[in-house]
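Reviewing the structure listed below.
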Amino acid sequence: MRVLGIESSCDETGVAIYDSERGLMAHTLYSQIALHAEYGGVVPELASRDHVRKTLPLIRECFDQAGCDAASIDGVAFTAGPGLVGALLVGAAIGRSMAFAWGVPAIGVHHMEGHLLAPLLEDEQPDFPFLALLVSGGHTLLVDVEGVGRYRILGESIDDAAGEAFDKTAKIMGLPYPGGPHLARLAERGRPGLYAFPRPMCDRPGLDFSFSGLKTHAATAIRPRLGDDQAMADIALAFQEAVVDTLAIKCKRALKATGRKRLVIAGGVSANAHLREQLKTLMDSLNGRVYYPRPEFCTDNGAMIAYAGWQRLKAGAAEGPGITVRPRWPIAELSAP
Ligand code: KG4
Ligand code: ZN
């Protein structure tokens, strides 16, 4: 079965073709980062318009890359939520209409399920069941995963997502948007032990997260030292260690509670090298293993949507004829296909 996937939930237009026999045949990505950079964050209306401009050319490029055409497509997957309503509607309208025109089924994919299943695109993929830490710009979730659509939420952020905390802290430092990767790069030059950051919500039981306090703590440290490059690097390191430690502490607790031996990390922040290292050390110490997507599939992309869509389409799931999106869509509402 061959599936065309379209991602347009935020500021990246991603298109991919996944084939169940041949694997990923093509993927293309256009990032709107430069478009939104001067505003310091995503401007929804600009995002929608740019998806309109980029989606069809990217689909054509994907067909060229894969060396196939529309006649070979057996289904179309598009991100149906959560995300920016206008941006989602672009991918949904194009995807649903193409499927209709081609006489194949369409499926609306949950963006976080896309992230969650992205590690299954790699050669070394985890078997079910596993524990998943989803860390993106909009979500921080600890999920016990028994199979596709069989998700039990163990913990989530009660305020800022991990990526959001990275971005907001980076913005206070004057780093470009989105700040996560810039802050991580700056932290490489940081000297350890100079700034003390808390590990929020780790002194009490439970698996929820809170990162807004860390951001405030960072702001207090940053403001008097703005312009001092070495101080920014020192603070970046301390901040990153606090986020990573907090995530690792909760993962360890969740692994203990569930008895899982496999940990999957996905979403934009899973590209963070320090997080990967620390979770690898944790899993080594527990005789388990950590799995993650290649860096380009940690952040938003079409490949994960094509893959997650295939998982549901092959089980017979399909959308009705309408074009519908769900800007707010708790992942807990998903069920097995
Ligand atoms: O999954 P994603 O591409 O989009 C959402 O679904 O939100 O995640 C983007 C987030 C941004 O907050 C970005 O700053 C963060 O992932 N990010 C990182 C790194 N790479 C991306 N955060 C920390 N370290 C990184 N290396
Ligand atoms: Zn995402």
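Quick rundown of the values:
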{"read-out": "Any chance Met98 is in contact (Cβ under 8 Å) with a residue 40 or more places away in the chain, within 14 Å of ligand 1 (Cβ to nearest atom) and over 17 Å from the mean Cα position of the chain (by Cα)", "value": "no"}
{"read-out": "Tally, over region 25-67, of residues that are touching a strand residue (DSSP E or B) at 6+ places or on another chain (Cβ under 8 Å), touching a residue at least 60 places away in the same chain (Cβ under 8 Å) and closer than 13 Å to Cys10 by Cα", "value": "1"}
{"read-out": "Candidate set: region 175-213, residues that are at pLDDT 95 or above and acidic (Asp, Glu); chosen: the one farthest from ligand 1 (Cβ to nearest atom)", "value": "Asp208"}
{"read-out": "Cβ-Cβ under 8 Å pairs, at least 6 apart or on other chains, region 111-129 side within 15 Å of ligand 1 (Cβ to nearest atom), far side outside any loop (DSSP other than H, G, I, E, B) and of a type in the set (Asp, Glu)", "value": "His111/Glu7; Gly114/Glu7"}
{"read-out": "Of residues in region 304-337 being among the basic types (Lys, Arg) and over 16 Å from the mean Cα position of the chain (by Cα), the one surrounded by the most Cβ atoms within 10 Å (Cβ to Cβ)", "value": "Arg312"}
{"read-out": "Matching residues, region 126-185, being over 14 Å from the mean Cα position of the chain (by Cα), closer than 20 Å to Arg199 by Cβ and hydroxyl-bearing (Ser, Thr, Tyr)", "value": "Ser157, Thr169"}
{"read-out": "Every pair of residues 6+ apart whose Cβ atoms lie under 6 Å, when the first sits in region 158-184 and is within 16 Å of Met232 (Cβ to Cβ) and among the basic types (Lys, Arg) while the second is part of a helix (DSSP H, G or I) and more than 8 Å from ligand 1 (Cβ to nearest atom)", "value": "Lys168/Lys215"}
{"read-out": "Residues of region 130-155 that turn out to be under 16 Å from Leu255 (Cα atoms), in contact with a Ser or Thr (Cβ under 6 Å, 6 or more places away or on another chain) and either within 16 Å of ligand 1 (Cβ to nearest atom) or free of Cβ contacts under 8 Å to residues at least 60 places away in the same chain (or both), as a count", "value": "0"}
{"read-out": "Region 285-303, residues that are more than 16 Å from ligand 2 (Cβ to nearest atom) and open to solvent by 60 Å² or more (accessible area, probe 1.4 Å)", "value": "Ser285, Asn287, Arg289"}
{"read-out": "Test: residue in region 270-292 that is in contact with a strand residue (DSSP E or B) (Cβ under 6 Å, 6 or more places away or on another chain), in a loop (DSSP other than H, G, I, E, B) and in contact (Cβ under 8 Å) with a residue 60 or more places away in the chain", "value": "yes"}
{"read-out": "Cβ pairs under 8 Å, 6+ apart, first in region 1-15 and among the β-branched types (Val, Ile, Thr), second within 11 Å of ligand 2 (Cβ to nearest atom)", "value": "Ile6/Gly14; Ile6/Thr79; Ile6/Ile305; Thr13/Glu7; Val15/Glu7"}
{"read-out": "Subset tally (residues that are in a helix (DSSP H, G or I) and either open to solvent by 40 Å² or more (accessible area, probe 1.4 Å) or at positive phi (or both)) for region 216-237", "value": "8"}
{"read-out": "Hits in region 272-309 - residues which are within 10 Å of ligand 1 (Cβ to nearest atom), among the aliphatic types (A, V, I, L, M) and within 19 Å of Ala248 (Cβ to Cβ)", "value": "Ala273, Leu275"}
{"read-out": "Within region 253-264, considering residues that are over 24 Å from Asp203 (Cβ atoms) and not in a loop (DSSP other than H, G, I, E, B), the one most open to solvent (accessible area, probe 1.4 Å)", "value": "Arg262"}
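The values are calculated or read from the model by the stated rules, or taken from the named source; none is laboratory data. Treat the numbers as computed from the prediction; the structure is a model and nothing was measured. Don't worry about glycine lacking a Cβ; one is built from the backbone with ideal geometry, like all the others, and counts go over all protein chains shown. Just the protein is used for accessible areas: all its heavy atoms, side chains included, with ligands, DNA and RNA removed. Shrake-Rupley method; radii C 1.70, N 1.55, O 1.52, S 1.80 Å.
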